[in-house]
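Everything below concerns the one structure shown next.
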Ligand code: SF4
């Protein structure tokens, strides 16, 4: 089936072509290597910073819709294993999304404060475990609801949405 071509330029900004057919491999490769060599867990910062930098460049959710390896990963799993339950309405509410964002970002910050003084190995491992837990929730959401249900309340998606709002407001002012 031919896939609808998506524009390479959105709101005057150049977007990269989608790599989400295969970017799930990055998630698996990262986790596999980092489980063997823990400092590689720090690559998780790249996963967190890329959507933020992309949104700050005025490209809104380009990372989410064209690049995100985790989004691609959960999409792949959810398209094969899916129960198709109806997602509870509260999960899309702003309050829930903000609460989840605050809990996850807060725990991530506390974790860094605890583990950074213990060195690269411990910090890499902590970042990896944190990301693995988040990915497990994302996969579970994809199996229970729609394949990319997690993207509705993902803290990084929430962050990029807020940044997109700010950049649009700045352009309007
Ligand atoms: S919402 Fe989160 S998991 Fe989904 S594509 Fe965006 S950054 Fe990736």
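Distance from the alpha carbon centroid of segment 50-82 to that of segment 90-123 works out to 19 angstrom. Compactness of segment 18-172 was expressed as the Cα radius of gyration divided by 2.2 N^0.38 Å, which yields 1.05. Using the rule -39500 (n - 2.57) for each DSSP H run of four or more residues, divided by the residues of the chain, the 222 nm mean residue ellipticity is -20000 deg cm²/dmol. Packing, as the average of other Cβ atoms within 10 Å across residues, places the peptides 163-169, 68-74 in the order 68-74, 163-169, highest first.
Computed from the coordinates by the stated procedures, all read-outs in this text should not be read as laboratory data. Given the structure is predicted, the values throughout are model-derived calculations rather than measurements. Cβ: placed from backbone, ideal geometry, glycine included. Neighbour counts: every protein chain shown.
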